[in-house]
1. How far is helix 232-242 tilted off the main Cα axis of the chain, in degrees rounded to 10, range 0 to 90?
2. Given contacts defined as C-alpha pairs under 8 Å and at least six residues apart, what's the relative contact order of the chain, whole-number percent?
3. Classify segment 1-69 from the C-alpha gyration tensor, please: rounded if a/c falls under 1.5, else prolate or oblate depending on whether a/b exceeds b/c.
4. Let's test the formula: R0 of 35 Å, r as the Cβ-Cβ distance of D212 and E264. What FRET efficiency results, to the nearest 0.05?
5. Note down the nm distance, to one decimal, between modelled labels 7 Å out along Cα→Cβ at E309 and at T28.
6. Given 0.36 nm per residue, what is the gain on full extension from H365 to K64 after removing their alpha carbon distance, in nm?
7. Starting with the highest mean, order 327-334, 357-364, 186-193 by the number of other Cβ atoms within 10 Å, averaged over the residues of each peptide.
8. For R163 and M1 in one chain, what is 0.36 nm times their gap in residues minus the Cα-Cα distance, to one decimal in nm?
Amino acid sequence: MQFETLSIHDGQTPDPHTGSVTVPVFQTSTFEREDLYQRREFFYSRIGNPTRQALESTLALLEKGKFGLAFASGAAATMAALQVLRPGDHIVSGLDIYGGTYRIFEQLLRPWGVTVSYAENEDTESYVRCIRPETRLIWLESPSNPLLRLSDIRELALIARERDILVAVDNTFASPYFQRPLELGADIVVHSTTKYLGGHSDVIGGAVVLNDETLHKTIKNYQAAAGAIPGPWDCWLIMRGLKTLKIRMKEHEANALHLAKLLERHPAIERVWYPGLPSHPQHELARRQMSGFSGMLTIALKGGLPAVERLVAGLSLFALADSLGGVESLVASPAKMTLGALSAEERRKRGCSDNLVRMSIGLEHAGDLEADLLAALSDLPQAGTLAPSGA
Ligand SMILES: *Cc1c(COP(=O)(O)O)cnc(C)c1O
């Protein structure tokens, strides 16, 4: 079956008792036992809940994995995936990663004796140079946040396999509609379902998907023991989002490509990063390992931070907010918001300059988004004029 059919039907068969075509929200903490000696399939909702199980099975199918696990947030899913490590182990990660993941590596893992080296996201050789005898995991985020740098997942998975190293990929920016890391050879996929999978900016959640039974056992046991599970309503909301993932992703992409092409020609803009533009340094790799380019783009403004201040104040459709992947368009300043907790030096190393604006392109009409952006940009000193495209 094709992607959109799976996202609507699988793991979500009609309720056997009532025929309800949507999976019921099993808002219960516990389940009555048969008797003292036999419990049912479900017995306590931290360990397992039917609504969560339906979500987990759909997530696994969409990522073409055997096992899905849902968590209370993307950060909780990241922490859970990292339970495959033991003190003394070493991670090689791309440098340009989600700020919260960097915080987990540096503030939570390091004190427990797990060390991390950082490689240039787009340079396979740079990852290889970081590998040590105690390296157990390569952590990839592709496309990355905020500069949409890509890592060659297939190439790195081959290198890792030869050395008995696991590969985990944070697939939040691409979504399984455009990229399926397990098919490219990765061992673990991590998501913030808060973003494209939920898709409506109304729920926080995370997921881990994988194929290996032993790794699944480790992470599932951690899920049950540490308990960072999503409630049934949150699971239901994410399932509702998943049903329209394909049509949303196609539309996010179409709008983002339209705006990326337009912004690339704008005199107030120094540079546009979007994997779907031929000018993106890894456009060829994007075409190879992704089936589309998603809805995130980042621009650098000529006028520095003052231009960023003017632009975000002048926009009316784009909300200035953290997060991404919802139906509504958002802008963020990586330097002041998402990576604001890093030192200036750490931001510089990542190429995260003050003049960047990260955009999550929503599902509004492309012409309306274009008009909003052009109006706000025309207010910048470097603006000049750029005729609307007529979208
Ligand atoms: C948001 C995000 C996370 C963290 O997810 P939460 O749901 O906010 O905990 C992890 N990775 C990426 C790429 C993200 O965008």
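The values are calculated or read from the model by the stated rules, or taken from the named source; none is laboratory data. Just so it is clear, the model here is predicted, and its values are computed rather than measured. In this analysis, Cβ positions are derived from the backbone assuming ideal geometry, glycine residues included, and neighbour counts consider all displayed protein chains. SASA here: full protein model, heavy atoms, side chains in, ligands and nucleic acids out. Shrake-Rupley method; radii C 1.70, N 1.55, O 1.52, S 1.80 Å.
1. 50
2. Computed value for the chain: 16 percent relative contact order.
3. Here segment 1-69 falls in the prolate category.
4. It comes to 0.25.
5. 5.8
6. 105.2 nm
7. 186-193, 357-364, 327-334
8. Extra length from R163 to M1 when fully extended: 54.8 nm.
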